[in-house]
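The structure appears below as structure tokens.
Derivation of every value follows stated rules applied to the coordinates shown; laboratory data play no part. Nothing here was measured: the structure is a model prediction, and the numbers come from that model. Every residue, glycine as well, gets a Cβ built from its backbone with ideal geometry; the counts of neighbours run over all protein chains shown.
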Amino acid sequence: MKEILLILMLQLVYVPIFTLRTIFVVKGMSVIAAQLAVLEGLVYVFGLSIVLSGNPSTIAMVVYAVGFGVGILLGAYVERKLAIGYTSLIVNLEKKNEELISFLRNEGFGVTVFEGEGKDSKRYQLELLTKRSREDELILLIEEYEPKAFIISYEPRRFKGGFLVKAMKRTRRK
């Protein structure tokens, strides 16, 4: 029974490390990814050796697989909590809401406003870039002022210059 619990625990450590390593690789944070890879390799080999040592039982293999699935859920949860990186939001509005724009700017968000032509009338588009950790907060603020806003969120891979980069440089100097 100890062996079965150990297999489960190892999977609950291994898979979230695997998930985070993959995310760090995708985000170009290769040093952290390499460090996690070493830890991941150790846990993986140790866990697999327990499963395959001697006479591997069906229960041990099933627990290994179930642990992998639960580990994926755990890794996704940890990644959401870490909220690594940035998110870009495009917000489409029917009317130019100066109050919302001023409020967002006062809250530290860089807001770029565009005027466009929709099917039936003018439309206004707000473009914002923020840390992923503030994405939910930002969407709630927008919905508070503009419940009918159409919001698209995506994760930019690279960016250069602009309001956010200047703010990050000021923060680093302090």
Nearest 10 degrees, 0 to 90: what angle lies between the long axis of helix 2-26 and the longest principal axis of the chain (Cα atoms)? 40 degrees
Along the Cα-to-Cβ line of Lys148, 7 Å from the Cα, sits a label point; which residues in region 90-124 have backbone N less than 12 Å from it? 93-96, 121
State, as an integer percentage, the relative contact order of the chain based on alpha-carbon contacts under 8 Å between residues 6 or more apart. 22 percent
Helix-only [θ]222 nm of the chain, DSSP H runs n ≥ 4, -39500 (n - 2.57) each, per residue, nearest 500: -20500 deg cm²/dmol
Taking the Cα centre as origin and putting +1 on Lys and Arg beta-carbons and -1 on Asp and Glu beta-carbons, what dipole magnitude results for region 25-174, to the nearest 20 debye? 860 debye
Among Leu20, Asn92, Gly69 - extreme Cα towards positive end, dipole of the chain, charges at beta-carbon: Leu20
